[in-house]
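Presented below is the structure to which this report refers.
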Amino acid sequence: MTEERPKDEERDGPVPEDGSAAAATREHDMDATTGERERGARIADETSGTTPQGDTSGQPNEGDAHPGTTGTGQDPEAASGGGAPTALKERDEDWEELTKRYRASEASIDFSTQLGAVATQDEAELLTINMGPHHPATHGVLRLLTTLEGEVVRDVKPIIGYLHTGIEKTAEDKAYWKAIPVVERMDYLAYYFNAQAYCGAVEDLLDLDVPKRAQYLRVIHLELNRIMSHLVWLGTTALDIGAMSILWYAFRERETILDLFEYSSGQRMHTRFIQIGGVADDIPAGWADKLLRFVEEMPRRLDQYEAMLSKNEIFLQRMKDTGAVSAEKLQEWGVTGPLLRAAGVPWDLRKATPYSSYDDFDFKIPVGTTGDNYDRYAVRIGEMRESVKIIHQAIEGLPEGPVMTGDRKVALPPRHELATSMEALIHHFKLVTEGMRVPEGESYYPIEGPRGELGCFVRSDGSSKPARVHMRDPSFINLQAYGDMVRGGYIADMIATLACIDPLLGGIDR
């Protein structure tokens, strides 16, 4: 019979015939383990006899010898077994000296030299951070250099320029009527307003009379655009403070408005519907009925928005008494639009200096009382209600007549004349290739945009291209007051306040 092998031998492999080698290996391993254990204990005893008690962070490594010590950090007398109290005293002195040097270098740091910081040596707890540049929470590519004391905002510096497109200079290199699509793309939520301001300035230089029907059609599309812009503001602002559902409801009505734009102009955004001298075309059949159905439904939708938000406890706590600035301070900054009206100033260019037949319509100017974020929300809701009233009056009282000026030096001839009239063909060819000639002069045309006073300055040198085009974009002006709105408040309120300003970085950087 074969002898049964022990289990440990099965695990370790075959047992040699001569067991002396295995026994010698086991004895060697035991001696090595005992030696390592004795060596570790000896090092621990030596270290405990020479290392000061307390915090040892930052102490020198082995080999970083101090004067009067060995390479292991021990005093020679201590290493030989004597003089331990003397070595301990010297080591304490070394640690005290090292601590003094470290604290002195730390106190010499000047925090005020850091970018954007307002801290001094007495305010070393201030922290300067970057919020951005990022898109979702800032309504555009915006960077906020923020100085915090805990959760309290002590200073903020908006930094812009990340979306710069050079649109104004691009417009100066195009014929007057070819610059309209470029201008529309500055404030990309207010393209009808951009076109109205630019075309209005050029029409002043040309001394053109826009037909009444075209003026009414402009008003209808401008107010639809105002509602659409405010709906985007409402949905994104609610999303910024944690209310997601309202975004989908607001965009439901926005889609209806974009469908109306597509039906009347062929495009959902950047429609080029407003032209120098009038509008591109008359409204198609059936468009007025679709518009009336929308204006009849929109007030009920606004009631639903208010039912969801105006009594929501979280929404009220985030909006009320946050970001408030006095009317006097806002006027010093040049702030206009819903921000100024929320502070109690009833300034609206549609009433103050009517344009495009706005004086034909009956509407009110919503105003607030305290000028906080909740008043800004309430004013915009009120403006959408008033815009619905204006649209209803304009479509019900829409006059008959042409939608484009009859001046053939400005307007393209009707297409049906090109096949029968040589003069019409020549005018069409000259306008398309060379553009219209605008008399020398300057004009500034301000209108009431969704964010405030949107004005366009145009200077003509008598050629077919504008010598200078400059936009007074309300987002750029209104952003100046952001520091006054958030300074002294909590960082949690910064995003809600920024959203209530409703800045569009495409208009700011342009």
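Brief remarks on what is shown
- Summed over segment 369-378, residues that are under 19 Å from I227 (Cβ atoms) and crowded, with 23+ Cβ neighbours inside 10 Å total 2.
- Of residues in segment 415-455 being farther than 30 Å from R226 by Cα and acidic (D, E), the one surrounded by the most Cβ atoms within 10 Å (Cβ to Cβ): E417
- When the criteria are applied in full, L234 fails the requirement of being surrounded by fewer than 22 Cβ atoms within 10 Å (Cβ to Cβ) and either in contact with a strand residue (DSSP E or B) (Cβ under 6 Å, 6 or more places away or on another chain) or in the same structural domain as R451 (by TED's automatic domain parsing) (or both).
- Scope segment 113-147; condition outside any strand (DSSP E or B), surrounded by 18 or more Cβ atoms within 10 Å (Cβ to Cβ) and either at pLDDT 90 or above or within 10 Å of the chain's Cα centre (by Cα) (or both); matching residues: T138, H139, G140, V141
- Considering Y249, Y192, the condition of being over 30 Å from E442 (Cβ atoms) and part of a helix (DSSP H, G or I) is satisfied by Y249 alone.
Every residue, every condition in (1) more than 19 Å from R350 (Cβ to Cβ); (2) surrounded by fewer than 24 Cβ atoms within 10 Å (Cβ to Cβ), yes or no:
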position	(1), (2)
E149	yes, yes
G161	yes, yes
E172	yes, yes
Y176	yes, no
R185	yes, yes
F193	no, no
G200	no, no
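- Residues of segment 202-218 include none that is of a type in the set (F, W, Y), within 20 Å of the chain's Cα centre (by Cα) and either in the same structural domain as F457 (by TED's automatic domain parsing) or modelled with pLDDT of 95 or more (or both).
- Counted residues, segment 468-506 - those being within 30 Å of A175 (Cα to Cα), of a type in the set (F, W, Y) and crowded, with 22+ Cβ neighbours inside 10 Å: 0
- Failed criterion for A411 (all others in (1) among the small types (G, A, S); (2) in a helix (DSSP H, G or I); (3) touching a residue at least 60 places away in the same chain (Cβ under 8 Å) hold): (2)
- Some residue of segment 383-394 being among the hydroxyl-bearing types (S, T, Y), more than 24 Å from I276 (Cβ to Cβ) and at pLDDT 95 or above: yes
- Test: residue in segment 447-469 that is in contact (Cβ under 8 Å) with a residue 24 or more places away in the chain and at positive phi: yes
Residues checked against (1) among the β-branched types (V, I, T); (2) under 30 Å from E262 (Cα atoms); (3) surrounded by 14 or more Cβ atoms within 10 Å (Cβ to Cβ):
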| site | (1), (2), (3) |
| --- | --- |
| L291 | no, yes, yes |
| M298 | no, yes, yes |
| R318 | no, no, yes |
| A324 | no, no, yes |
| L339 | no, no, yes |
| V345 | yes, no, yes |
| K351 | no, yes, yes |
| Y355 | no, yes, yes |
| V367 | yes, no, yes |
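The values are calculated or read from the model by the stated rules, or taken from the named source; none is laboratory data. What you see is a predicted model; the values in this text were computed from it and never measured. Note that each Cβ is placed from the backbone with ideal geometry, even for glycine, and that neighbours are counted across all protein chains shown.
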